[in-house]
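> Below are the structure tokens for one structure; questions will follow.
The values are calculated or read from the model by the stated rules, or taken from the named source; none is laboratory data. On a predicted model such as this, the values are computed, not experimentally measured, just so you know. For neighbour counting, all protein chains shown are included, and Cβ atoms are generated from backbone atoms with ideal geometry for every residue, glycine included.
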Amino acid sequence: MTFQDLHLIEPIQRALKTAGYQKPTPIQAQSIPLALQGRDLLACAQTGTGKTAAFALPILQLLNDQQPGSNRRRSVQALVLAPTRELAIQIGESFDAYGKHLKLRHTVIFGGVSQNAQTRQLQSGVDILVATPGRLLDLINQGYVSLDQIEFFVLDEADRMLDMGFIHDVKRVIRKLPQKRQTFFFSATMPSDIVKLSAEILDRPAKVQVDPVSSTAERVEQSVYFVPKKQKRKLLLHLLRHEDISEALVFTRTKHGANRVAKDLTKSGIRAEAIHGNKSQNARQLALKNFKDRHTRVLVATDIAARGIDIDELSHVINFDLPNISETYVHRIGRTGRAGASGIALSFCDTEERPYLRDIQKLTGLRIPIVDGHPFTAEDEDSQPAPQPAAPARQERRNGNGNGNRNGNNRSRKRGNKNRRSGSKAPGDNRR
Ligand code: AMP
């Protein structure tokens, strides 16, 4: 199955090519044709499966078919509701990427920040609006948003909306939508209250379902290093010097962090480059090529920049920072160990990131072995490595002195609710 088989228009296909997508993921292959036919969708899929494109591509295409001109008066015709500001931003970035050759405008609104920039965007006219429920209701009440012209409505991560207590806000929004519309309902799990809600808002939906993303984590060898934030760069250098790591994709949370890590490594004689959203497409592509051709040993990336990166036989993924969205972890480590090959994922976890680690373990149902006794456990930035290098993660598992073996013992510890992330609110999540 290719994107051409899905009858996506050329400008969208071009954008997907630039994003590095080679073929549709299963959720895309199932959803896109149905959505293009005008069907409502009830989709059981998690973040990490490619679900954003599964609804974003048909929306872009259908809206584009209706009004290719750019001089018309714009009104919000597609609304995507997301539970957190992080997810909303991520969805907005996806619309950016997929719609870059179209004349459609979108914006993202969420709470916790001043509304001025958002209202300015709204007043300048948008076709697609991505929003968290609270801020959306605020701005509707203030008269900045009207939902009268909505033709497409997406409820994303419906189960998480419910977990986070947004159900009433969501229902309030739904009451303001026109009856005649196309609705896409996405949820990682389908407990009975979610099924009930879906029945209320969908019209004879087509049902689509894909395997939980968490299963990809099982074939990657994982370990975690508890390390103070300030010591992470030393630990990284130490591992690259002492471990058998031929190449590594290193993930940082921020663009600034990616630059700093790459600069640090280069200064220490390790060939490294950073890719992130502030770099031009050409610079990113060159960095990627250098990495693929093994001219650089380490590619430091933010999640957004790493989208679509597909590198054969990537041996190591290193999470310099743990992501606050558990599915992102699974997606990152899924870049190694592709096509049945077993890859290695090392994660650095500082005190503030412990809750993220808990969420990741809950999602994957795996307990990630801890590497004890590495030299950078102390807060003191000037501390020197202990004489003994850290035991290689791989060796540790083989010797059985880690916290359990990945594929055997750990699986037996799987928790029942393995498809769900915890309902806890990660720092930075925004409820409005
Ligand atoms: P999502 O589940 O929508 O959050 O997507 C998870 C990740 O997969 C994002 O980084 C997307 O950019 C990436 N992605 C989505 N569709 C594809 C595809 N067809 N090929 C490669 N990567 C994809």
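> Might you check whether a residue that is within 22 Å of the chain's Cα centre (by Cα), closer than 25 Å to Q30 by Cα and either of a type in the set (D, E, K, R) or surrounded by 14 or more Cβ atoms within 10 Å (Cβ to Cβ) (or both) occurs anywhere in segment 175-185? Break it down into steps so the answer makes sense when it comes.
Taking segment 175-185 and keeping what is within 22 Å of the chain's Cα centre (by Cα), we get 184-185.
Going one step further and asking which of them are closer than 25 Å to Q30 by Cα, we end up with 184-185.
If we keep only those that are either of a type in the set (D, E, K, R) or surrounded by 14 or more Cβ atoms within 10 Å (Cβ to Cβ) (or both) as well, we get 184-185.
Yes, segment 175-185 contains a residue that is within 22 Å of the chain's Cα centre (by Cα), closer than 25 Å to Q30 by Cα and either of a type in the set (D, E, K, R) or surrounded by 14 or more Cβ atoms within 10 Å (Cβ to Cβ) (or both).
> While we're here: Can you go through K229, K176 and tell me which one is closer than 30 Å to L136 by Cα and not hydrophobic (A, V, I, L, M, F, W, C)? Step through it out loud before you land on a result.
Working: K229 fails: closer than 30 Å to L136 by Cα.
Only one candidate qualifies: K176.
> List the residue pairs whose Cβ atoms are under 6 Å apart, where the first residue sits in segment 50-66 and is over 13 Å from G92 (Cβ atoms), the second is within 7 Å of the ligand (Cβ to nearest atom) and outside any helix (DSSP H, G or I), and the two are 6 or more positions apart or on different chains.
Once the first residue is over 13 Å from G92 (Cβ atoms) and sits in segment 50-66, its partners that are within 7 Å of the ligand (Cβ to nearest atom) and outside any helix (DSSP H, G or I) give G50/T25.
> Please specify each residue of segment 84-105 satisfying the condition of being at pLDDT 90 or above, within 16 Å of the ligand (Cβ to nearest atom) and either under 21 Å from S326 (Cα atoms) or among the basic types (K, R) (or both).
Of segment 84-105, the ones at pLDDT 90 or above are 88, 91-105.
Right, trim to within 16 Å of the ligand (Cβ to nearest atom) and you get 88, 91-100.
Once the filter is applied, which keeps residues that are at pLDDT 90 or above, within 16 Å of the ligand (Cβ to nearest atom) and either under 21 Å from S326 (Cα atoms) or among the basic types (K, R) (or both), segment 84-105 yields A88, I91, G92, E93, S94, K100.
> Of all residues in segment 318-337 being more than 14 Å from the ligand (Cβ to nearest atom) and β-branched (V, I, T), which is modelled with the highest pLDDT?
I318
> Something else: Would segment 163-171 turn up any residue that is over 24 Å from Q37 (Cβ atoms), modelled with pLDDT of 95 or more and buried (at least 16 other Cβ atoms within 10 Å of the Cβ)?
yes
> Another question about this same structure. Pick out, from segment 244-336, the helices (runs of 4 or more DSSP H) lying fully within it that include 1 or more residues that are among the acidic types (D, E) and either assigned by TED's automatic domain parsing to the domain that holds L346 or out of contact with any strand residue (DSSP E or B) (no Cβ under 7 Å at 6 or more places or on another chain) (or both). If you could, list the steps in order and put the result at the bottom.
On the way: elements: 255-267, 281-292, 303-306, 326-333.
In segment 244-336, 255-267, 303-306, 326-333 are the helices (runs of 4 or more DSSP H) which contain 1 or more residues that are among the acidic types (D, E) and either assigned by TED's automatic domain parsing to the domain that holds L346 or out of contact with any strand residue (DSSP E or B) (no Cβ under 7 Å at 6 or more places or on another chain) (or both).
> Determine whether segment 10-23 contains at least one residue that is in contact with a Leu (Cβ under 8 Å, 6 or more places away or on another chain), modelled with pLDDT of 95 or more and either away from the ligand (no atom under 16 Å from the Cβ) or in the same structural domain as H331 (by TED's automatic domain parsing) (or both).
Scanning segment 10-23, I find at least one residue that is in contact with a Leu (Cβ under 8 Å, 6 or more places away or on another chain), modelled with pLDDT of 95 or more and either away from the ligand (no atom under 16 Å from the Cβ) or in the same structural domain as H331 (by TED's automatic domain parsing) (or both), so the answer is yes.
> Which of the numbered conditions does D65 fail, given that it passes all the others? Conditions: (1) away from the ligand (no atom under 15 Å from the Cβ); (2) closer than 15 Å to F184 by Cα; (3) out of contact with any helix residue (DSSP H, G or I) (no Cβ under 6 Å at 6 or more places or on another chain).
That leaves (2) as the condition not met.
> Consider L265 carefully, then state whether it is buried (at least 18 other Cβ atoms within 10 Å of the Cβ) and under 26 Å from L16 (Cβ atoms). Please lay out each step first, then the result.
Numbers: buried (at least 18 other Cβ atoms within 10 Å of the Cβ): yes; under 26 Å from L16 (Cβ atoms): no.
Against the criterion (buried (at least 18 other Cβ atoms within 10 Å of the Cβ) and under 26 Å from L16 (Cβ atoms)), L265 does not qualify.
> May I pose another question? Give segment 25-46 a look and list any residue that's touching a residue at least 12 places away in the same chain (Cβ under 8 Å), assigned to a loop (DSSP other than H, G, I, E, B) and either away from the ligand (no atom under 12 Å from the Cβ) or surrounded by fewer than 23 Cβ atoms within 10 Å (Cβ to Cβ) (or both), or say none. I'd like the intermediate steps shown before the answer.
Kept after step one, since they are touching a residue at least 12 places away in the same chain (Cβ under 8 Å), are these residues of segment 25-46: 25-36, 38-46.
Imposing the further condition that a residue be assigned to a loop (DSSP other than H, G, I, E, B) reduces the set to 25, 38-40, 45-46.
Within segment 25-46, T25, G38, R39, D40 qualify.
> Which one of A301, A283, A287 is surrounded by 20 or more Cβ atoms within 10 Å (Cβ to Cβ), away from the ligand (no atom under 16 Å from the Cβ) and under 24 Å from the mean Cα position of the chain (by Cα)?
A287
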